[in-house]
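The values are calculated or read from the model by the stated rules, or taken from the named source; none is laboratory data. This structure is a prediction, so every number in the text was calculated from the model and none was measured. As a convention, Cβ positions derive from the backbone with ideal geometry for all residues, glycine included, and neighbour counts pool all protein chains shown. Accessible surface is based on the protein model in full, side chains and every heavy atom, while ligands, DNA and RNA are left aside. Shrake-Rupley method; radii C 1.70, N 1.55, O 1.52, S 1.80 Å.
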Amino acid sequence: MKKLVGFIVFTGGLISCVTAQQSSTLKGKYKPYFKIGTSVNSAQIEGGDTKGRLLITKQCNTITPENVLKWQLVQPEATKYDFKLPDQYVALGEKDSMFVVGHTLVWHSQLASYVESITDPNQMEKAMQEHIKTVMGRYKGRIKGWDVVNEALNEDGTLRESVFYKVMGPDYIKKAFRFAHETDPACELYYNDYNIELKEKRQGALKIIKDLKAEGIRIDGVGIQGHWNLQWPSIEEIEQSIIDYASAGVKVMITELDITVLPNPWDLKGADVNQNFEGSPFMNPYPNALPDSVDVLLAKRYEDIFKVFLKHQDKVDRVTFWGLQDGDSWLNGWPIKGRTNYPLLFDRNYRPKKAYQTLLNLSKK
Ligand code: G3I
C-alpha cells in the first residue's frame with residue numbers, strides 16, 4: 001500500500017511520529033506517493049558542482065542523465081564508446097541508493113552521425129541492437145529503468161519520420177523494446193515524449209503502448225516529459241492523460257518537468273519563428289531577477305500540477321524535474337539563446353523558491 005506512512009525519528013532523545021507531509025525534503029514529503037527526481041548534468045556528475053550534488057542527494061531519490069547517455073555521446077562512432085561520465089553517473093546514483101534511470105536508447109536527436117548515414121534496414125537493426133546490448137548491458141541490474149524510445153511521435157499522433165522509421169519502418173519501436181528486454185529482463189522499459197498529454201498526440205502514444213502489449217512485448221511506463229508553461233496545458237488535459245495511460249496498463253511518469261515563465265515566440269501572433277529574438281528585451285523580460293508576482297504565479301502553477309499528481313498518486317510513479325536549479329535549465333538557451341529563465345524549484349544560488357515551499361507544504365486534499 002502506497003499511502004501515508006509514519007517514520008519514527010529521534011529528536012533530542014524524544015521519539016516522535018512524523019507524517020510524510022511534515023517532511024523537510026521533497027523526497028521525504030512525497031515518498032508515500034511517488035519518487036522525486038532531477039536530471040543531472042556533467043558538472044554534477046563529475047563533482048565540479050558540489051552544491052548541486054549535495055542538493056540532489058538531499059532532495060531526490062531518483063536521477064536521470066541530462067545528456068551523458070545519449071547515443072552521440074556514449075557511442076560517437078560504431079566502434080567507439082565513451083563510458084567515463086556514464087560510469088560516474090551510475091555510481092553517483094548508487095552511492096545514495098537512488099533509482100537510477102537511463103535516458104535514452106533510441107532517439108533521432110543527439111544521434112551519432114554514423115547512424116544517420118545508414119540506409120540498409122538490416123544494418124540499422126544491427127546498429128540498434130548493438131547499441132542497446134552494449135550500453136544497457138553495461139549497466140544491467142544497476143540502471144533500473146530506461147527510456148527505450150524517445151520522441152517517436154508527430155504532434156498529430158502519427159509516427160515521426162525519423163531515420164529509424166525511414167530505414168526500418170514502424171516496427172523499429174517493437175524491435176527496440178525487444179532488444180532492451182533481452183538485454184536486461186528485470187529492467188523497467190519506458191516510452192518517453194513531450195506533448196503526449198495533449199489529445200491527438202496522446203492517441204499515438206496509447207497506440208504504441210497497446211501495440212507493444214498486444215504482442216507481449218514488455219513496456220512498464222510512459223514518460224510525459226512535462227515541458228510546460230504558466231497556463232498550458234490545462235490541468236484537465238494533464239489529468240485525463242494520467243487516467244488514460246494508467247488505463248492502458250502502464251505506470252505514469254512525469255520525466256522532464258519544468259515551467260517556463262518567459263514569452264514564447266510561437267505565441268506571438270504574426271511572429272516569424274525564425275525571426276532572431278536574441279537580445280530582445282521583450283523576449284527576455286527578467287534578465288536580473290524574477291519578479292515576486294511571477295514567482296507567486298509559478299508557485300501556484302506547480303501547486304495545481306502537483307495536486308493532480310497527488311490525486312492520482314496510485315497511477316503516478318515518478319516526477320523528475322529537468323534540471324536542479326534555474327541556472328542549469330536548457331530553457332535559458334531554447335527557443336531563444338541567451339535568456340534568463342526561472343522554470344525550476346531552486347534559484348541560481350541553490351535557494352528554494354516559493355514553488356518549493358508550496359510543494360513541501362501541500363496537503364493531499
Ligand atoms: O557536447 C557538446 C560540447 O562538446 C560543446 O562544447 C557544447 C557547446 O555548446 O555543446 C555540447 O553539446 C550540447 C549538449 O546539450 C550537451 O551539453 C548541445 O549543444 C546542446 O544542444 C545539448 O542540449 C540538450 C538537448 O536535450 C539536446 O537536444 C540539453 O542539454 C538537454 O536538456 C535536452 O534534453 C532534452 C531531452 O533529452 C529529451 N526531451 C527534450 C529535452 C529538452 O530539449
From the list ALA176, ALA180, ALA186, which residue is small (Gly, Ala, Ser) and not in a helix (DSSP H, G or I)? ALA186
Looking at GLU303 and the list (1) closer than 28 Å to TRP146 by Cβ; (2) in a helix (DSSP H, G or I), which single condition is not satisfied? (1)
Please work out if LYS210 is more than 16 Å from the ligand (Cβ to nearest atom) and touching a residue at least 60 places away in the same chain (Cβ under 8 Å). no
Checklist (1) open to solvent by 10 Å² or more (accessible area, probe 1.4 Å); (2) closer than 20 Å to ILE209 by Cβ; (3) away from the ligand (no atom under 16 Å from the Cβ) applied to ILE132, failing item: (1)
Filter region 65-81 down to the residues that are within 10 Å of the ligand (Cβ to nearest atom) and charged (D, E, K, R), then identify the one that is farthest from the chain's Cα centre (by Cα). LYS70
Taking the residues in region 166-205 that are of a type in the set (Lys, Arg) and either over 16 Å from ASP156 (Cα atoms) or away from the ligand (no atom under 16 Å from the Cβ) (or both) as candidates, determine which candidate is surrounded by the most Cβ atoms within 10 Å (Cβ to Cβ). ARG202
Breaking point among (1) in a helix (DSSP H, G or I); (2) within 25 Å of ILE45 (Cβ to Cβ); (3) open to solvent by 50 Å² or more (accessible area, probe 1.4 Å), for GLY137: (3)
Could we say that LEU331 is open to solvent by less than 40 Å² (accessible area, probe 1.4 Å), closer than 22 Å to GLY223 by Cβ and out of contact with any strand residue (DSSP E or B) (no Cβ under 8 Å at 6 or more places or on another chain) here? no
Within 16 Å of the ligand (Cβ to nearest atom) and charged (D, E, K, R): does that describe LYS84? yes
Among THR79, THR50, THR25, THR62, which is at pLDDT 95 or above and crowded, with 21+ Cβ neighbours inside 10 Å? THR62
Residue hits (region 331-362; without any contact (Cβ under 8 Å) to a residue 12 or more places away in the chain and not in a loop (DSSP other than H, G, I, E, B)) are ASN332, PRO352, ASN361
Looking at GLU116, GLU155, GLU125, can you tell me which residue is over 24 Å from ILE224 (Cβ atoms), open to solvent by 80 Å² or more (accessible area, probe 1.4 Å), of a type in the set (Asp, Glu) and touching a residue at least 12 places away in the same chain (Cβ under 8 Å)? GLU116
Just to be sure I understand, how many residues within region 316-342 are away from the ligand (no atom under 16 Å from the Cβ) and closer than 18 Å to ASP193 by Cα? 2
